[in-house]
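Enquirer: Supplied in structure tokens, the structure appears directly below.
The values are calculated or read from the model by the stated rules, or taken from the named source; none is laboratory data. Keep in mind that this is a model prediction, so the values were computed, not measured. Heads up, the Cβs are rebuilt from the backbone with ideal geometry, glycines too, and the neighbour counts pull from every protein chain shown.
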Amino acid sequence: MGTGLNVTQKLIKSHLVDGKMEPGEEIGIKIDQTLTQDATGTMVMLELEAMGLDKAKTEVSCQYVDHNLLQTDNKNPDDHLFLKSAAERFGIWYSRPGNGVSHPVHTEHFAQPGKTLAGSDSHTPASGCMGMFAIGSGGLDVAFAIAGEPLYLKMPKVLGVKLTGKMPNWVSAKDVVLEMLRRYDVKGARGFVLEYYGPGLKELDTMDRHVIANMGTEMGATTSVFPSDDEVKRFMRQNARENEWSELVADDDATYDAHEEIVLDDLIPLIALPSSPGNVVPVSEVEGDEIYQSYIGSSANPGFRDFWIASEIVKCRRVADDVSFDINPTSRQIIENMVRSGVMLHLVQSGGRIHQAGCNGCIGMGQAPATGRNSLRTVPRNFPDRSGTKEDSVFLCSPETAAASALTGKITDPRKLTELYGIDWPDYREPEDYIINKEMLVAPPENGVKKELVKGPNISSMPDFDQPTDFEVPVLLKMGDNISTDEILKAGAEVLPFRSNIPEISKFSFIVVDDSFYDRAVETKEEYGGHVVVAGDNYAQGSSREHAAIAPRYLGQQAVIAKSYARIGWQNLANFGIVPLEFADEADYDAIEQGDILKVEKLQDQLKAGKEVTVQNVTKSSTFKALHTLSGRQLDALLEGGVINAYKRKKGIA
Ligand code: MIC
């Protein structure tokens with residue numbers, strides 16, 4: 001057994017401040033950088049205000065505005081002003097609206113090999129492309145990291161993914177991560193860091209690795225990590241940051257807890273079918289289905305090359321008349337290089353609809369597809385209704401597949417482009433004089449005056465939550481496996497502007513699953529004091545939004561009882577005082593029906609006594625065992641009603 005360390009172990013070891021590096025044990029790591037975006041950042045800034053923070057304690061913290069960009073009334077622009085004032089107040093960089101999607105902009109201008117990054121966005125791992133330990137977390141955990149506290153997580157195992165061989169024509173980084181999703185589905189990597197290594201790395205530039213690291217999240221991975229090698233050095237030189245580069249590679253005798261290999265030569269164009277990133281098949285299997293939309297961009301295909309290859313495919317041609325060809329540049333820097341290189345001209349002339357740099361349609365902030373029509377997108381996820389259209393039909397694919405399909409108006413394997421249009425596989429070259437644009441990143445003021453926070457009428461303070469107590473409440477909703485945070489609390493243009501207004505946003509809780517939930521929750525809170533929900537495997541998969549815990553908590557949610565959880569969703573429940581229980585015997589899941597009254601007595605005593613909680617099903621006159629896997633640290637906070645309550649007590653804040 002080698003004694004060498006892999007990159008993940010090196011990153012954790014150099015930042016370990018609590019616990020032992022034993023897989024499954026809770027560890028605390030020092031956080032060097034944080035990333036917050038505007039749909040989660042408003043809550044983070046309210047939490048920093050509640051915590052009484054003076055100045056960020058990190059090396060770099062950046063607040064991005066990339067989600068709530070549609071300004072259809074005062075709410076989003078008010079939030080932008082609030083976030084700018086908070087960035088000044090707390091000594092945080094501010095990325096102005098329209099500057100770009102947080103992940104590629106952070107990778108371009110702040111990410112640094114050997115450092116740790118905590119982000120209030122589940123796709124934060126994208127910066128793992130540069131030898132960082134970059135992890136998505138609930139906003140409250142990021143707030144504590146900004147305040148200089150360690151970030152806590154369960155020590156992950158490391159799955160070594162060996163890349164060998166050469167990338168075939170018309171296949172690209174998105175197909176690599178779709179192949180991983182084909183093998184691991186949406187929960188197969190839970191508890192693991194995916195660490196990529198091997199001779200095939202030389203086939204992937206840094207933004208290709210960003211694509212792959214970004215979508216490791218969709219497999220439930222704690223994060224994804226690439227080494228910092230000469231390619232990363234080149235990328236940082238291109239972004240005028242070579243002086244911040246350092247090499248970070250695995251030791252020759254490094255070992256991994258598990259192994260995977262991808263022979264790049266064997267890859268073919270792949271596509272995830274609606275409505276799961278794990279629903280992956282070869283493009284050739286679904287060729288010919290008509291499409292409404294072809295969408296290029298997002299943090300899951302953010303690189304200049306991703307737009308360049310699309311432009312090479314469509315240049316001097318026009319996309320099919322029935323296709324909405326949506327172009328979502330991912331940073332102003334990339335827009336400038338697209339314009340200078342002629343890429344933008346080809347995309348416009350082919351019929352491309354050009355949007356501002358931001359997340360946009362990926363999170364349902366515009367660009368919704370028509371009813372019952374197929375949308376091919378280079379975005380990272382396609383959970384039900386996420387696009388903004390009910391019962392949407394969103395496929396995930398590479399820019400090559402999306403652009404080829406835009407030309408034909410049907411799902412098309414890009415390898416057919418040569419026979420269909422005489423297009424040969426173009427040879428990519430990085431632009432010579434690459435434009436760097438940092439102008440839209442506003443530096444934190446030197447030790448300036450204590451900036452007043454600018455709060456619009458839509459910004460409400462965090463509600464107070466009491467301690468968990470015994471309960472006898474109904475099962476308000478029984479759900480299946482893989483319930484996503486988009487089903488618990490949807491995103492989209494209608495809902496995201498309420499992210500700083502818990503009473504309002506709580507009205508959208510579980511609306512995708514059951515549009516009667518809110519009204520029933522209000523009634524149940526009055527009659528019983530609250531409710532519980534029951535779910536299958538991988539509850540709360542997907543996003544980092546802590547609102548998927550805060551909003552149900554506000555409606556009286558006492559506990560969730562599930563077969564298993566996604567990491568961030570589970571952490572968020574505990575952070576806000578909702579007891580995250582797991583069925584000790586999965587047969588008990590089948591025995592419960594929606595509407596059953598569940599009762600727990602001496603809840604606090606049971607939780608303190610051990611990992612088991614006895615739950616009575618009053619309706620069925622039965623009892624069953626439920627478990628929790630909380631650490632002592634988490635349990636202490638949960639018993640006080642959540643981390644904020646515990647923090648305020650510790651600091652003597654009323
Ligand atoms: C997403 O891609 O689902 C989001 C919207 O970026 C979320 C964050 C949010 O809900 O604001 C995420 O990935 O964490």
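Enquirer: With within 16 Å of the ligand (Cβ to nearest atom) and of a type in the set (A, V, I, L, M) as the only criterion, which of Ala272, Ala320, Ala310 stands out?
Expert: Only one candidate qualifies: Ala272.
Enquirer: Test of understanding: among Val225, Val232, which residue is touching an Asp or Glu at 6+ places or on another chain (Cβ under 6 Å) and either surrounded by 24 or more Cβ atoms within 10 Å (Cβ to Cβ) or among the aliphatic types (A, V, I, L, M) (or both)?
Expert: Just a single option satisfies the conditions, and that option is Val225.
Enquirer: Among the listed residues Ala551, Ala584, Ala637, identify the single one that is touching a strand residue (DSSP E or B) at 6+ places or on another chain (Cβ under 7 Å), buried (at least 17 other Cβ atoms within 10 Å of the Cβ) and touching a residue at least 40 places away in the same chain (Cβ under 8 Å).
Expert: Ala551
Enquirer: Next question, about the same structure. Quick one: is His80 within 13 Å of the ligand (Cβ to nearest atom), modelled with pLDDT of 95 or more and not charged (D, E, K, R)?
Expert: Against the criterion (within 13 Å of the ligand (Cβ to nearest atom), modelled with pLDDT of 95 or more and not charged (D, E, K, R)), His80 does not qualify.
Enquirer: For region 275-385, please list each of the helices (runs of 4 or more DSSP H) lying entirely inside it that holds at least 1 residues being of a type in the set (Gly, Ala, Ser) and surrounded by fewer than 24 Cβ atoms within 10 Å (Cβ to Cβ).
Expert: So the answer is 332-341.
Enquirer: Please find, within region 180-232, the residue that is farthest from Ser484 (Cα to Cα) out of those that are among the basic types (Lys, Arg) and touching a Ser or Thr at 6+ places or on another chain (Cβ under 9 Å).
Expert: Arg209
Enquirer: Hey, among Ser500, Ser564, Ser509, which residue is more than 16 Å from the ligand (Cβ to nearest atom) and either crowded, with 24+ Cβ neighbours inside 10 Å or within 20 Å of the chain's Cα centre (by Cα) (or both)?
Expert: Result: Ser564 is the single residue among Ser500, Ser564, Ser509 that is more than 16 Å from the ligand (Cβ to nearest atom) and either crowded, with 24+ Cβ neighbours inside 10 Å or within 20 Å of the chain's Cα centre (by Cα) (or both).
Enquirer: Considering region 359-377 alone, what residues qualify as being within 15 Å of the chain's Cα centre (by Cα) and under 18 Å from Ala404 (Cα atoms)?
Expert: Passing the criteria: none in range.
Enquirer: Which ones in region 512-551 are assigned to a loop (DSSP other than H, G, I, E, B) and away from the ligand (no atom under 16 Å from the Cβ)?
Expert: Once the filter is applied, which keeps residues that are assigned to a loop (DSSP other than H, G, I, E, B) and away from the ligand (no atom under 16 Å from the Cβ), region 512-551 yields Val513, Asp514, Asp515, Ser516, Gly529, Gly530, Gly536, Asp537.
Enquirer: Within region 595-654, how many residues turn out to be assigned to a strand (DSSP E or B) and not aliphatic (A, V, I, L, M)?
Expert: 9
Enquirer: Another one. Quick one: which of Gly114, Gly148 is in contact with a Gly (Cβ under 7 Å, 6 or more places away or on another chain), at positive phi and not in a strand (DSSP E or B)?
Expert: On inspection, the qualifying residue turns out to be Gly114.
Enquirer: When you check Ala559 against the structure, is it in a strand (DSSP E or B), in contact with a helix residue (DSSP H, G or I) (Cβ under 9 Å, 6 or more places away or on another chain) and under 30 Å from Ser500 (Cβ atoms), yes or no?
Expert: So Ala559 fits the description; yes.
Enquirer: Right, next: Kindly indicate whether Phe325 is touching a residue at least 12 places away in the same chain (Cβ under 8 Å) and within 19 Å of the chain's Cα centre (by Cα).
Expert: no
Enquirer: Here are some conditions: (1) within 12 Å of the ligand (Cβ to nearest atom); (2) under 14 Å from His210 (Cα atoms). Ser120 meets all but one. Which one does it not meet?
Expert: If we test Ser120 against (1) within 12 Å of the ligand (Cβ to nearest atom); (2) under 14 Å from His210 (Cα atoms), just (2) comes out false.
Enquirer: Condition first: outside any strand (DSSP E or B) and in contact with a strand residue (DSSP E or B) (Cβ under 6 Å, 6 or more places away or on another chain). Now tell me which residues in region 131-140 satisfy that.
Expert: Of everything in region 131-140, those that are outside any strand (DSSP E or B) and in contact with a strand residue (DSSP E or B) (Cβ under 6 Å, 6 or more places away or on another chain) turn out to be Gly131, Met132, Ser137.
Enquirer: So, of the residues in region 59-77 that are under 20 Å from Lys438 (Cα atoms) and buried (at least 21 other Cβ atoms within 10 Å of the Cβ), which turns out to be nearest to the ligand (Cβ to nearest atom)?
Expert: Across region 59-77, the extreme among qualifying residues is His67.
Enquirer: Conditions: (1) more than 16 Å from the ligand (Cβ to nearest atom); (2) under 18 Å from Asp18 (Cβ atoms); (3) crowded, with 24+ Cβ neighbours inside 10 Å. Ala111 meets all but one. Number of the miss?
Expert: Only one criterion is unmet by Ala111, namely (2).
Enquirer: Checking the conditions here, which among Gln37, Gln33, Gln9 is out of contact with any strand residue (DSSP E or B) (no Cβ under 6 Å at 6 or more places or on another chain) and under 22 Å from Met132 (Cβ atoms)?
Expert: Gln9
Enquirer: Inspect region 169-176 for any residue being buried (at least 24 other Cβ atoms within 10 Å of the Cβ), more than 19 Å from the chain's Cα centre (by Cα) and polar (S, T, N, Q) and give the result as yes or no.
Expert: Yes: region 169-176 contains one or more residues that are buried (at least 24 other Cβ atoms within 10 Å of the Cβ), more than 19 Å from the chain's Cα centre (by Cα) and polar (S, T, N, Q).
Enquirer: When region 396-427 is examined, which residues are found to be assigned to a loop (DSSP other than H, G, I, E, B) and either at pLDDT below 95 or over 19 Å from Pro168 (Cα atoms) (or both)?
Expert: Correct list: Gly409, Ile411, Asp427.
Enquirer: Let me ask something else. Taking Lys410 as the residue in question, decide whether it is closer than 30 Å to Asp289 by Cβ and surrounded by fewer than 20 Cβ atoms within 10 Å (Cβ to Cβ).
Expert: yes
Enquirer: Another question about this same structure. Considering only residues that are within 16 Å of the ligand (Cβ to nearest atom) and within 17 Å of Ser298 (Cβ to Cβ), which ones fall in region 376-388?
Expert: Scanning region 376-388 gives Arg377, Thr378, Val379, Pro380, Arg381, Asn382, Phe383, Arg386, Ser387, Gly388.
Enquirer: How many residues does region 172-222 hold that are part of a loop (DSSP other than H, G, I, E, B) and either more than 15 Å from Ala566 (Cβ to Cβ) or among the polar types (S, T, N, Q) (or both)?
Expert: Residues that pass the stated criteria total 5.
Enquirer: Right, here's the next one. Just checking, does region 92-102 include any residue being buried (at least 24 other Cβ atoms within 10 Å of the Cβ), hydrophobic (A, V, I, L, M, F, W, C), touching a Phe, Trp or Tyr at 6+ places or on another chain (Cβ under 6 Å) and over 23 Å from Gly28 (Cβ atoms)?
Expert: no
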